[in-house]
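The values are calculated or read from the model by the stated rules, or taken from the named source; none is laboratory data. Quick caveat: nothing in here was measured; it's all calculated off a predicted structure. All Cβ positions, even for glycine, are placed from backbone atoms using ideal geometry, and neighbour counts span all protein chains on display. These accessible areas exclude ligands, DNA and RNA; they are computed on the full protein's heavy atoms, side chains included. Shrake-Rupley method; radii C 1.70, N 1.55, O 1.52, S 1.80 Å.
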Amino acid sequence: MTRSARPGAMPRRRSTRALLASACVAALGITALPAAAAPSTLQEAAGMNDGRYFGTAVPAHLLNDSANMTIVNREFNMVTAENEMKIDALQPNQGQYSFGTADRIVNWARTNGKGVRGHTLAWHSQQPQWMRNMSGQQLRRAMLDHVTTVATHYRGQIHSWDVVNEAFADGSSGARRDSNLQRTGNDWIEAAFRAARAADPNAILCYNDYNIDDWNHAKTRAVYDMVRDFKARGVPIDCVGLQAHFNSGNPVPNNYHTTIENFAALGVDVQITELDIEGSGQSQAEQYKGVTQACLAVARCTGISVWGVRDNDSWRASGTPLLFDRNGNKKQAYHGVMEALTEGLGNGGGAPAPGPTTPPPGNGGGGNTAACTATYSEAEKWNDRFNGRVTIRANRDISTWTSTVTVGDRQEIIATWNGTPSWDRSGKVMTMRPNGNGNLRAGQEVSFGFTVRHGGDWTWPRVTCS
């Protein structure tokens, strides 16, 4: 929860290439990279994963801190103004805009070849006093004027806008937050997105929030339902931003990958926008690595931004939550992220590891019944493991489904996503059931995935559906 130019090398949509899909902490070995191919910075390593970005928040007062900005310039290729593009900073008096400080950040970023995330256009917090005194249609008009004026001022210079920030309540209700903006009418979020699209038509438009990381939380599902509704009705939303503020009381959830994948399945990008993880040492490094792996495992998770550079500059400084210590030294957390970003790149520039491109006779294929069909497709391959995906297609309306995946004697399934697995006594036959009720209409499809440590056996698993 935040309290406090589009780069030419970054396409707006990325091609499909996922990495390992465990949401958290599997401490896997890192594939050795040829010296010429090994990325040496976060931005280089992220870019080798289908052009993803790796960014950070920058406050204006640190623009003149050479130690901080040297790290920013070296490691990151996306910049977010920490507070300088919020409503109270840009429009302290109604109708009187103050763009100077925010412009300094944007101009530095664009001069140095960085992209810019615009944060944020509409928010219940950090409103100037004049806006807090408003209500009803007067407030609605003022909010839309602000969105239009700011997005127009930066038109063509912003990679992604956090159009609306933190509009849902915490807790188990799944309700909208009771704010002055919400009281202008339930359509205020939609109105803000439509105004942003009209003002800056080529920017990626995001809804951004905290505590929407765990797929089982009511708040996460409520945001999901809103995005699904917006996509169905043609409201211009392109992205969901997961703030991703974690600590010992709120660790990285073990279904983080599921959350990312489910939002992406709605046809929007997912960006991890404000990542920080309180802690230290190996535990912190593993959580950072897990978050990075979860993003890389979903093609439409297009980038990660940490909320600051050095621990002492963080809004949560006492929790030492960032990748660099107060002296600018790389922490274990930094190396955990780099391990995740470079796994699987050992064959040159992100090329897949050697392995068969077609299954040996009698393997893979699919299992058919009158009710459903299971089809296997290969995904990413590394030296010691590969990812597979099973697509379940309903041949008629069905109320549930079950799929089996059978691997070879030397193979072992080490991670799964988008389903509920169980294994037989041998550990070689996995039964996958859907998350949720599994209802599918005739012709409808759903997929789940898994990672196999192959032990030298590259044959495709056998799959069935019933």
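Some points to look at:
- Anisotropy class of region 254-295 from Cα gyration tensor, a/c 1.5 cut: prolate
- Each of Arg389, Arg300, Arg410 has its accessible area taken with a 1.4 Å probe; listed largest first, they run Arg410, Arg389, Arg300.
- Cα-based reach from Lys219 at 27 Å (exclusive), listing lysines while leaving out same-chain residues under 8 positions away: Lys86, Lys231, Lys289
- Cβ-based net charge around Arg310, under 15 Å, with every Lys or Arg adding one and every Asp or Glu removing one: -3
- Part-to-part distance (alpha-carbon centres) for region 72-123 and region 132-198, which is given in Å: 18
- Other residues with beta-carbon under 11 Å from the beta-carbon of Ser98 carry, at +1 per Lys or Arg and -1 per Asp or Glu, a net charge of -3.
- Split the accessible area of the chain by element, probe 1.4 Å, and carbon with sulfur accounts for 47%.
- List Trp460, Trp123, Trp315, ordered by accessible area with a 1.4 Å probe, largest first: Trp315, Trp460, Trp123
- At a probe radius of 1.4 angstrom, the accessible area of the chain per residue rounds to 37 square angstrom.
- Rounded FRET efficiency, nearest 0.05, which uses the C-beta distance separating Ser135 from Ser466 and R0 of 60 Å: 0.55
- Relative to the globular-protein estimate of 2.2 N^0.38 Å, the Cα radius of gyration of the chain stands at 1.01.
- Judged by the ratio a/c of the largest to the smallest principal axis of the C-alpha gyration tensor, region 366-465 counts as prolate, that ratio being 1.5 or greater while a/b is larger than b/c.
- In this calculation the C-beta distance from Arg233 to Gln126 is compared with R0 = 25 Å, giving a FRET efficiency of 0.25.
- Ser66 versus Ser179: modelled label distance in nm, points set 7 Å from Cα along the beta carbon direction: 4.1
- Solvent-accessible area of Asp170, all protein chains in place: 80 Å² (probe radius 1.4 Å, heavy atoms, ligands and nucleic acids excluded).
- FRET efficiency for Asn93 and Asn254, using Cβ-Cβ distance with R0 set to 51 Å, rounded to 0.05: 0.60
- Only protein heavy atoms count here; under a 1.4 Å probe, Val298 has an accessible surface of about 10 Å².
- Remark on Asn247: its backbone amide H falls under 5 Å from those of Glu278, a criterion applied only to residues 5 or more positions apart or on other chains, H modelled at 1.01 Å from N.
- Proximity of backbone amide H atoms, modeled 1.01 Å from N, is registered between Cys372 and Asn395 at under 5 Å, excluding neighbours fewer than 5 places apart on the same chain.
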